[in-house]
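Everything on this sheet refers to the single structure shown next.
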Amino acid sequence: MIDIKPLASSSAGNAYRVSDGTTTLLLDAGLRFSDIRRGLDFRVSELAGCLITHEHGDHIKAAADIMKAGVNVYASGGTLEAARLSGHRAIALKALEKFTIGTWTILPFEVEHDVSEPLGFLLANKAGDKLLFATDTYYIRYRFPGLTHIMVECNYSAKILDENIAARHVPVGMKKRLIRSHFSLENMMDFLRANDLSRVQEIWLLHLSDSNSDAELFKREIQELTGKQVYIADR
């Protein structure tokens, strides 16, 4: 069984606690360390590791403090270099090279974002659960059999974005960046159609835009498409 607890999920900060009952991990660390400690009920010492997707501040803000607290931080070499993180607690990863943390076997994979070397992660535990974590990407090139839990960015809707641009609530230039850096509702639906969802227990929609999303609409659309339990990560 996998337990998922979002600590934050927005452009202001992203961090998620996941546990299989034996090994607890932090996925991204884009909050102040004090807020992460509070979100973890001050049990930072229970973390077996922290996985970082990329170097933007809303995903990596507390990484240095987490390392100081005695927790290893795992990210691509490009991310570590861009974030100026070094030392024995900064573990460099390569895409498609598996590694283990406690009871988790983790496969990093490439994603598409406007940074140096971003990664997504496929986490499998000894009980046979498989969790997919991907955020800040406009495309996921891989397919993942046997998933039980899905945590993927659903940042914006193309329709809502176009409406906001037409109403001049959003600058025209934002559209180009969004479609080349973030996962939309439409992309999320295409991704789900392309994957085997037969074992999926729950789907988490992450990193919704403050202005170009509609949480209830997104939840309803994904539930109707998949028939699965859908959650919106807290913003």
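Mind ordering 140-150, 24-34, 84-94 by average Cβ neighbours within 10 Å, highest first? Could the numbers behind the result be given before it?
Numbers: 140-150: 17.0, 24-34: 21.8, 84-94: 15.0.
The peptides rank, most packed first, as 24-34, 140-150, 84-94.
Taking 8 Å as the Cα distance limit and 6 or more residues as the minimum spacing, I'd like the relative contact order of the range 3-232 as a percentage.
In percent, rounded to a whole number, it is 14.
If you take mean projected area of the Cα convex hull in nm² from the coordinates, which of (i) 14.4; (ii) 11.8; (iii) 12.6 do you get?
The listed entry that was calculated here is (ii).
Cα gyration tensor of the range 1-132, axes a ≥ b ≥ c as square roots of the eigenvalues: rounded (a/c below 1.5), prolate (a/b > b/c) or oblate?
Details: a/c = 1.41, a/b = 1.07, b/c = 1.32.
Because its axes are fairly even, with a/c under 1.5, the range 1-132 counts as rounded.
Assuming R0 = 30 Å, can you tell me the calculated FRET efficiency for the pair MET1 and SER34, based on Cβ-Cβ distance, to the nearest 0.05? Write out the running numbers ahead of the final one.
Working: r = 30 Å, r/R0 = 0.99.
Once the sixth-power term is evaluated, E becomes 0.50.
Hey, can you rank 53-62, 127-136 by average C-beta count inside 10 Å, highest first?
Sorting 53-62, 127-136 by mean packing, highest first, produces 53-62, 127-136.
Let me confirm the definition first: pairs of Lys residues in the chain, 8 or more apart or on different chains, C-alpha distance under 20 Å. How many are there?
Lysine pairs satisfying the spacing and distance rule in the chain number 12.
Quick check on the chain: helices-only [θ] at 222 nm, where DSSP H runs of length 4 and up contribute -39,500 (n - 2.57) each and the sum goes over total residues. Nearest 500, please.
Value at 222 nm, helices only: -7000 deg cm²/dmol.
All of the numbers you see were taken from the coordinates with simple rules; none came from a lab. Not measured: the values here are computed from a predicted model. In this analysis, Cβ positions are derived from the backbone assuming ideal geometry, glycine residues included, and neighbour counts consider all displayed protein chains.
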